[in-house]
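Below: the structure, in C-alpha cells.
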Amino acid sequence: MTEFTPLASLVGGMLIGLSAVLLMALHGRIAGMTGILSGLVAPIAPDWSWRLAFLAGAVAAPALITGLGRYTIPFQTNLPTPWLVIGGLIVGIGVHFGSGCPSGHGVCGIARLSRRSFVATAVFMASTAVTVFVVRHLLGGLS
Amino acid sequence: MRIVAALLAGAVFGTGIAISGMINPAKVQNFFDFAGTWDPSLAFVMGGALLVTFIGYRLVLKRPAPVFDTSFHLPAKQDLDLPLLAGAATFGIGWGITGFCPGGSIPALGLAEPGALVFVASMTCGIAVARLARGWLQPSPAT
C-alpha cells in the first residue's frame, strides 16, 4: 500500500513541468531523461556538460531534501537484485528504441502535441499495466 | 552560467520527482495495479506536469531562441515506426517489473538506495547495448 497523495503529487508534477520549461527556455532542450542520459553513454555527445549538470542537480535535490532532515521521502521496493538488473536492461533497451520515457514522451512530447509521443505513452502505459497485473496477480510477485 | 542553469533545472526536476512520489517504485507500480492496491496519485503528477509544460512551452517557443543556444532542439520525426512501438512496449515491461523509469530512478540515487544504483547501472548498460545493436541492425549506407 502507498498513501494517496493528490496535493503532493500535483505540486511535484508541476515542478517537473517547470523543469521542462526551464530547460527549453535556457538550453532549448527536451527534459527527457532518456535523451539526456543517452548523451553521456559512449559515444559521448559533444554537449555533455549541460547533460551532466542536469543529472547532478536531479540527484542532488533529493539528497539535500532528506539530508536537511526535515522531510522524509518514501521509497519502497522489495525487488530482488537479479530482477533489478533484468528490469534495468529491459528499460534501457526499451527507452532507446522507443526514443524516450515518461519524462520525454509523457510530459514534453505530449505538451508539444507530438503524435509519436501520444502513441508511445499509450503503448508503454498499457504495457506497464499488463506487466504489473501479470507479476502481481498471476505470478504472485517476483522472487 | 549555462552549466549552473542546467544544474538548477535538474534540481527542480529531482525535487518534483521526489515530492510527487515518482521516486518510489512501489507507488509507481500501485498506480498501474487497478486490480489490487491502486493509488491514483500519479495521474496528478502527469496532470500537473502537463499543465505547466503545455502553457510554458507555448510561451517559450514563441521566442526566437533559448538563452544559452542559437536554436531550439526539437525532435522532427513524425512517423510511427516499429522501433517506437516495440521500444515503448518493451520499456513498459521493465517499468512494470521494477517500478523504475529513467526519470524516477536517477533522482533516487540521491536517496543512497542500493536498489536504485543497481537499476541505473543496468539501465545505462541497456542503453549502451541498444546503441550498439542499432548500429548492427542499420548498417551505414554504402559510400
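The values are calculated or read from the model by the stated rules, or taken from the named source; none is laboratory data. Because the structure is a prediction, the values reported are computed rather than measured. As a convention, Cβ positions derive from the backbone with ideal geometry for all residues, glycine included, and neighbour counts pool all protein chains shown. To get the accessible areas, we keep the full protein, side chains included, count just its heavy atoms, and leave off ligands, DNA and RNA. Shrake-Rupley method; radii C 1.70, N 1.55, O 1.52, S 1.80 Å.
Observations on the model:
- Heavy-atom accessible surface of region B:2-137: percent carbon and sulfur, 1.4 Å: 74
- Within chain A: Cβ-based charge dipole about Cα centre, in debye rounded to nearest 20 (Lys, Arg +1; Asp, Glu -1): 220
- Extended-chain gain in nm, criterion 0.36 nm per residue less alpha-carbon gap, B:Leu74 and B:Thr37: 9.5 nm
- Whether region A:40-143 is rounded, prolate or oblate, judged on the alpha carbon gyration tensor where a/c under 1.5 counts as rounded: oblate
- Listed peptides A:96-107, B:114-125, B:79-90 by packing density, highest first (mean Cβ within 10 Å): A:96-107, B:114-125, B:79-90
- Farthest toward positive dipole pole in the protein assembly as shown [+1 Lys/Arg, -1 Asp/Glu at C-beta], among B:Gly115, B:Gly87, B:His73: B:His73
- Only the Cβ atoms of Lys and Arg (+1) and of Asp and Glu (-1) were treated as charged; on that basis the dipole of the protein assembly as shown about its Cα centre amounts to roughly 600 debye.
- Distance in nm between pseudo-label sites at B:Ala133 and B:Asp81 (7 Å out along the Cβ direction from Cα): 1.6
- The trypsin sites (Lys or Arg not before Pro) of region B:58-143 meeting both criteria, a DSSP state outside H, G, I, E and B (loop) and at most 16 other C-beta atoms within 10 angstrom of the site's C-beta, are B:Lys62, B:Lys77.
- Phi angles across region A:43-53 convert, under the Karplus curve 6.51 cos²θ - 1.76 cosθ + 1.60 with θ = phi - 60°, into 3J(HN,Hα) values of x, 5, 5, x, 9, 5, 5, 5, 5, 5, 5 Hz, Gly and Pro given as x.
- Amide H to amide H distances under 5 Å link A:Gly98 with B:Gly87, B:Ala88, where only residues 5 or more positions off or on other chains count and H is placed in the peptide plane.
- Those trypsin sites (Lys or Arg not before Pro) in region A:3-80 that DSSP places in a loop and that have at most 15 other beta carbons within 10 Å: A:Arg70
- Surface accessible to a 1.4 Å probe, per residue, for the residues of the protein assembly as shown, Å²: 44
- Chains B and A together bury roughly 9300 Å² of accessible area, counting both sides, with a 1.4 Å probe on protein heavy atoms only.
- For region A:11-143, relative contact order (Cα pairs under 8 Å, six or more residues apart, normalised by length) works out to 27 percent.
- Calculated FRET efficiency for the pair B:Leu117/A:Met1, C-beta based, R₀ 25 Å, to 0.05: 0.45
- Ranked order, A:Phe75, B:Phe68 - accessible area, probe 1.4 Å, largest first: B:Phe68, A:Phe75
- Value of relative contact order over chain B, rounded to a whole percent, pairs C-alpha under 8 Å and six or more apart: 25
- Relative contact order for region A:1-75: 13 percent, from Cα pairs under 8 Å spaced at least 6 residues apart, divided by residue count.
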